[in-house]
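Read through the structure below, which is laid out as structure tokens, and then see the notes.
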Amino acid sequence: FDAALYAYRGFFRTPSMEPDSLTAPTRLSLIYPRLYATGVSLQGNAAGGVLSLEAGFYDSRQDRAGTDPVIPNSQTRFLAGYQRSPWPDFTAGLQYYGEYMHRYGRYKAALPAGFPRQDRLRQLLTLRLTQFLKYQSWKLSLFSFWSPTDNDFYLIPEAAWRVTDELTAAAGANVFGGASDATFLGQLDKNDNLYFSMRYEF
């Protein structure tokens, strides 16, 4: 098994909106709240496959009390993954990701009326399936996201053909869906698309 420790001091990568003043609450500015983060990861062989475990604590330096509705609360984030090849030229991988919000009661009490409420525990599952055919000249793959808390999904099926050692052609799709257009993936429900690409390497 391989283990690693992480530490970060900086800012959240997603901006927050805060009013310019109490007298002009309709004027908003984008800010990047300050953040401390520490984490640990572990990866190794298990049950004939590869097991991955990660966990991290996100310390929201500007709102440790959890009472400011425009600043993210502190969180614990974790990830568990497992990958295995049950037969030749086929690989399956599954991941479970979660974000647990601290001081959730204070967050709910401070949330303004009409604002959408986040879940205490946001969950996301990913599945990756890959099959090679014809001496690995063909690659069929499916990568999918599904959130049981947001009730939305994202599917990426793709077929790739290695025409020569230098030329590869691929065709696939991006399919979004969800029960609500207010969720992270559900808001992209009308952006389904097909794509085709050719890549020449030299």
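The values are calculated or read from the model by the stated rules, or taken from the named source; none is laboratory data. What you see is a predicted model; the values in this text were computed from it and never measured. A quick note on method: Cβ atoms are made from the backbone with ideal geometry, for glycine too, and the neighbour counts reach across all protein chains shown. The accessibility values were calculated without ligands, DNA or RNA, using every heavy atom of the protein model including side chains. Shrake-Rupley method; radii C 1.70, N 1.55, O 1.52, S 1.80 Å.
What residue, among those in region 180-198 that are surrounded by 12 or more Cβ atoms within 10 Å (Cβ to Cβ) and not aromatic (Phe, Trp, Tyr), is modelled with the highest pLDDT?
Here the residue is Asp192.
Would you confirm whether or not region 25-43 contains a residue that is open to solvent by 80 Å² or more (accessible area, probe 1.4 Å), assigned to a loop (DSSP other than H, G, I, E, B), modelled with pLDDT under 95 and within 16 Å of Tyr107 (Cβ to Cβ)?
Looking through region 25-43, none of the residues is open to solvent by 80 Å² or more (accessible area, probe 1.4 Å), assigned to a loop (DSSP other than H, G, I, E, B), modelled with pLDDT under 95 and within 16 Å of Tyr107 (Cβ to Cβ).
Being closer than 27 Å to Ala170 by Cα and in contact (Cβ under 8 Å) with a residue 24 or more places away in the chain is the filter here, so list the residues in region 83-123 that pass it.
Gln83, Arg84, Ser85, Asp89, Phe90, Thr91, Ala92, Gly93, Leu94, Gln95
Please determine, by comparing only the residues of region 54-63 that are charged (D, E, K, R) and in contact with a strand residue (DSSP E or B) (Cβ under 9 Å, 6 or more places away or on another chain), which one is least open to solvent (accessible area, probe 1.4 Å).
Asp59
Would you mind stating whether Pro116 is in a loop (DSSP other than H, G, I, E, B), open to solvent by 70 Å² or more (accessible area, probe 1.4 Å), over 28 Å from Gly48 (Cα atoms) and not basic (Lys, Arg)?
For Pro116, the condition - in a loop (DSSP other than H, G, I, E, B), open to solvent by 70 Å² or more (accessible area, probe 1.4 Å), over 28 Å from Gly48 (Cα atoms) and not basic (Lys, Arg) - is met.
Conditions (1) under 17 Å from Leu121 (Cα atoms); (2) at pLDDT 95 or above; (3) open to solvent by 70 Å² or more (accessible area, probe 1.4 Å), marked per residue:
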site: Ala65; (1), (2), (3): no, no, no
site: Asp68; (1), (2), (3): no, no, no
site: Pro72; (1), (2), (3): yes, no, no
site: Tyr82; (1), (2), (3): no, yes, yes
site: Thr91; (1), (2), (3): no, yes, no
site: Leu94; (1), (2), (3): no, yes, yes
site: Gly98; (1), (2), (3): yes, yes, no
site: Tyr104; (1), (2), (3): yes, yes, no
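Within region 44-53, how many residues are over 22 Å from Arg122 (Cβ atoms), open to solvent by less than 80 Å² (accessible area, probe 1.4 Å) and not in a loop (DSSP other than H, G, I, E, B)?
Total meeting the criteria: 5.
Within region 121-142, is there a residue that is surrounded by 15 or more Cβ atoms within 10 Å (Cβ to Cβ) and in a loop (DSSP other than H, G, I, E, B)?
Scanning region 121-142, I find no residue that is surrounded by 15 or more Cβ atoms within 10 Å (Cβ to Cβ) and in a loop (DSSP other than H, G, I, E, B), so the answer is no.
Within region 143-172, which residues are under 19 Å from the mean Cα position of the chain (by Cα) and either over 30 Å from Gly98 (Cα atoms) or part of a strand (DSSP E or B) (or both)?
Within region 143-172, Phe143, Ser144, Phe145, Trp146, Ser147, Asp152, Phe153, Tyr154, Leu155, Ile156, Pro157 meet the criteria.
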